[in-house]
1. Criterion first (touching a strand residue (DSSP E or B) at 6+ places or on another chain (Cβ under 7 Å), surrounded by 18 or more Cβ atoms within 10 Å (Cβ to Cβ), within 16 Å of residue 87 (Cα to Cα) and at pLDDT 95 or above) does residue 131 satisfy it?
2. Conditions: (1) crowded, with 18+ Cβ neighbours inside 10 Å; (2) not in a loop (DSSP other than H, G, I, E, B). Residue 99 meets all but one. Number of the miss?
3. Among the numbered criteria (1) free of Cβ contacts under 8 Å to residues at least 24 places away in the same chain; (2) assigned to a helix (DSSP H, G or I); (3) touching a strand residue (DSSP E or B) at 6+ places or on another chain (Cβ under 8 Å), which single criterion is violated by residue 59?
4. Going by what's in this entry, would residue 90 be described as within 19 Å of residue 15 (Cα to Cα) and at pLDDT 95 or above?
5. Quick check on this structure: which one of 79, 137 is in a loop (DSSP other than H, G, I, E, B) and closer than 21 Å to residue 205 by Cα?
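The values are calculated or read from the model by the stated rules, or taken from the named source; none is laboratory data. Predicted, not measured: the structure shown is a model, and the values here were computed from it. Quick reminder, even Gly has a Cβ in these numbers, built from the backbone with ideal geometry, and neighbours come from all protein chains shown.
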């Protein structure tokens, strides 16, 4: 049974992807900061090991790798933080909050990769969840977007340094999630698709043979006939 670690897996895209992996026969180690929410999400799932904690904590990252067992076939760095809401302009961005955004969105994913590398199987997949804000300049998105841009560059360099692995930066597209709502406080985001619509493309990438690189999940989704 292949083994995966999925961070930020108590809600949103992480929850949807981890459920799909479990349904496809994967053993999943699911992470989130909120222990109660994580337990509610995964109670009764015998293929999912829920490990609550903060990805910025070295001991928690080690616990995730240990919970995966001997060999890890997939690592999904999905956990991230938006930053202040409403989104501030860079001129007003609190620098302590910017450091926190980078710590969670950039440093922690790399740190988890570092811990997991000795356990990664040949041709294992590393999936780093990114955003169009990493490549497009949107007012107010400077903190989050620049952190995702940094994550994309880390992904590209990791791929160059580890050609035996597949390292993907994946933009899931707009989704109806709490983070997206926080980015647009007071607005109706019900027209955004649910995160489940981004999962088929991610599964295609995880199970396929595309080279390392940046992809948009919905461009990869199988065509329905």
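1. Yes.
2. Condition not satisfied by residue 99: (1).
3. Every listed condition holds for residue 59 apart from (3).
4. no
5. It is 79.
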